[in-house]
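Where a number appears in this text, it was derived from the coordinates with a stated rule and is not lab data. Worth saying up front: this structure is predicted, and the values here are computed from it rather than measured. Here the Cβ is made from the backbone with ideal geometry for all residues, glycine too, and neighbour counts use every protein chain on show.
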Amino acid sequence: MPRGKFITLEGGEGVGKTTNLVFIENYLKLHGIPVVVTREPGGTVLAEKIRHLLLDKESEDISENAELLMVFAARAQHIKHVIEPALASGNWILCDRFTDATYAYQGGGRNMKNSTIAWLENLVQGSLKPDLTLLLDAPVEIGMERARSRGNLDRFESEKIHFFEQVRRAYLLQAELHPSRIKVIKTNQPLIDVENELINVIGNFLR
Ligand code: Z5A
């Protein structure tokens, strides 16, 4: 059984990750690919508990170091119990956010050093990297407006616009640094056009 492929979906606030995840899952299944859909932070019982603590607006003030370590603690569990076993048994992984989010939110948003993130990435992931990353991108105001329309903002969503501008910039920088892995898809266009772009990029990847 050949090892499965690891696809991640990334992007800032309300860019349409959840919406398009279902579309991508169905597209892969249509091509006979066994796919496990998961998310970060989360994906295991312990990692989901960490997610809850990270997103909870009522949490005590979480230090930047604590936030970074919690994200990687959740990731370590996720890799050990979900991602690695699935890939090893030939399943593909479709993951809503992964380490590019850490470079974007903790690196860009919180101004933490990329070298610190890279050190933890190496510790927790070893050589594991996504094979394909779909970076959904839209102007911050559009994403925030869409996220707000759902109401009930979490701890991250309650940040100021400047934070999300920095997150977006860091994501786009990641895409510049890793052009063969990260494909940018603009989502400030009708959903049907986003889906057509996704088909194009994933179709190329499958070929
Ligand atoms: N985090 C971190 O800090 N460090 C890390 O390493 C990791 C994560 C892994 C997880 O939240 C939080 O954890 C995240 C970063 C942090 N913080 N935030 N914020 P999440 O993964 O749940 O993230 P989210 O950004 O909050 O996801 P979201 O709010 O669910 O947004 P979305 O999935 O991208 O959007 P959506 O729900 O699919 O779409 C939003 C609305 O727009 C919805 O009503 C759609 O119907 C609509 N929509 C979508 N596409 C379109 C188009 N094309 N046109 C019109 N309307 C559209």
| message | Within 11 Å, Cβ to Cβ, of Gly11, how many net charges do the neighbouring residues add up to if Lys/Arg are +1 and Asp/Glu are -1? | response | -1
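Grab the other residues whose beta carbon is less than 9 angstrom from that of Phe205, score K and R as +1, D and E as -1, and report the net. Show your work: numbers first, answer last.
Working: positive: Lys5, Lys183, Arg207; negative: Asp131.
So the surrounding residues net to +2.
Once the piece of chain linking His52 and Leu128 is laid out straight, how much longer is it, given 0.36 nm per residue of separation minus the C-alpha distance between them? Could you put the intermediate results ahead of the total?
On the way: separation 76, 0.36 × 76 = 27.36 nm, distance 2.52 nm.
My answer for the length gained is 24.8 nm.
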| request: Loop only per DSSP, at most 10 neighbouring Cβ atoms within 10 Å: give me the trypsin sites (Lys or Arg not before Pro) in segment 145-176, ordered by residue number. | output: Arg150, Lys160
| Roughly how many nanometres apart are two label points built 7 Å out from the Cα toward the Cβ at Leu177 and Val201? | 1.8
| request: Pop out the ³J(HN,Hα) list for segment 8-18 in order, Karplus 6.51 cos²θ - 1.76 cosθ + 1.60 with θ = phi - 60°, rounded to Hz; leave Gly and Pro as x. | output: 10, 10, 10, x, x, 3, x, 7, x, 4, 4
| field | the chain: proportion of alpha-carbon pairs further apart than 28 angstrom, % | value | 23
| query | Sequence-distant or interchain residues sharing an amide H contact under 5 Å with Arg39, placed H: which? | reply | Asp96
| query | Ranking Tyr103, Tyr27 by Cβ neighbours within 10 Å, fewest first, what do you get? | reply | Tyr27, Tyr103
| query | For the chain, with only Lys/Arg (+1) and Asp/Glu (-1) charged at the beta-carbon, what is the dipole magnitude about the Cα centre, in debye rounded to 20? | reply | 540
| remark: Computed ³J(HN,Hα) along segment 24-39: with the Karplus parameters 6.51/-1.76/1.60, θ = phi - 60°, integer Hz and x for glycine or proline, the list is 5, 4, 5, 4, 5, 5, 4, 8, x, 9, x, 10, 9, 9, 8, 8
| note | segment 22-98 and segment 141-207 have their Cα centres apart by a whole-number Å value of 18
| remark: Ranked output for segments 170-181, 58-69 by mean other Cβ atoms within 10 Å, highest leading, reads 170-181, 58-69
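Cut-off is 10 Å between beta-carbons; in what order do Thr38, Thr19 appear when sorted fewest neighbours first?
Numbers: Thr38 19, Thr19 15.
Result, fewest neighbours first: Thr19, Thr38.
Near Arg150, within a Cβ-to-Cβ distance under 11 Å, what is the net charge of the other residues, with Lys and Arg +1 and Asp and Glu -1?
Numbers: positive: Arg146, Arg148; negative: Glu13, Glu145, Asp154, Glu157.
Local net charge: -2.
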